[in-house]
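To start, the structure itself, in structure tokens.
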Amino acid sequence: MTGWLLPFLFGAAAGVLSAWGIGGGTLLLLCMTLLLGVDQAEAQGINLLFFLPTAGVSLLFHKKNGYLDKGVAKAAILPGTLCALAAALFSSLIDRDIFRKPFGVFLLLASASILLDKRVSQ
């Protein structure tokens, strides 16, 4: 009956952290794969399901507040979509285990960069 509680709490915490600009999606991926035992591909799909509506709402608020450069957005939509489709196709053709360790290293370097940058600017 409470099998949903822990994933719900992780999702809520990731949502709050992402609202603060801390990269909740990455944290959600780590929680799902490392703590809940969810397969990485499934965790990425779940993360994408949460990201899409969040991005849509964020886009509406950015437009409402005048932070959306329509020219840049129009210029980025087609190439961004085509590159995302090409990357998705490419990633489905190769063994995903190849990317596990490099992605982990990337996450560690990115988090260290963020932590060091905040310390220097304070």
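Where only DSSP H runs of four or more residues are counted, the chain gives -26000 deg cm²/dmol as its mean residue ellipticity at 222 nm, each run worth -39500 (n - 2.57). Local charge for residue 104 was computed over the other residues whose Cβ lies under 14 Å away, with Lys and Arg +1 and Asp and Glu -1, and equals +2. With the charge dipole of segment 69-122 set up from +1 on Lys and Arg Cβ and -1 on Asp and Glu Cβ about the Cα centre, the Cα lying farthest toward the positive end among the listed residues 108, 78, 91 is that of 108. When the Gaussian network model of the chain links Cα atoms closer than 10 Å, the mean-square fluctuations of 61, 90, 99 top out at 90.
Lys pairs in the chain, Cα-Cα under 29 Å, at least 8 apart or on separate chains: how many? Spell out each step's value before the answer.
On the way: 63/74; 63/118; 64/74; 101/118.
Final tally of qualifying lysine pairs is 4.
The value of relative contact order for the chain, using C-alpha pairs under 8 Å at least six residues apart, is 11 percent. Across segment 1-68, C-alpha contacts under 8 Å between residues 6 or more apart give a mean separation that, scaled by the residue count, equals a relative contact order of 19 percent.
Quick note: the coordinates plus some simple rules give every number you see, no bench work behind them. Not measured: the values here are computed from a predicted model. Note: ideal-geometry Cβ built from the backbone for every residue, glycine included; neighbour counts use all protein chains shown.
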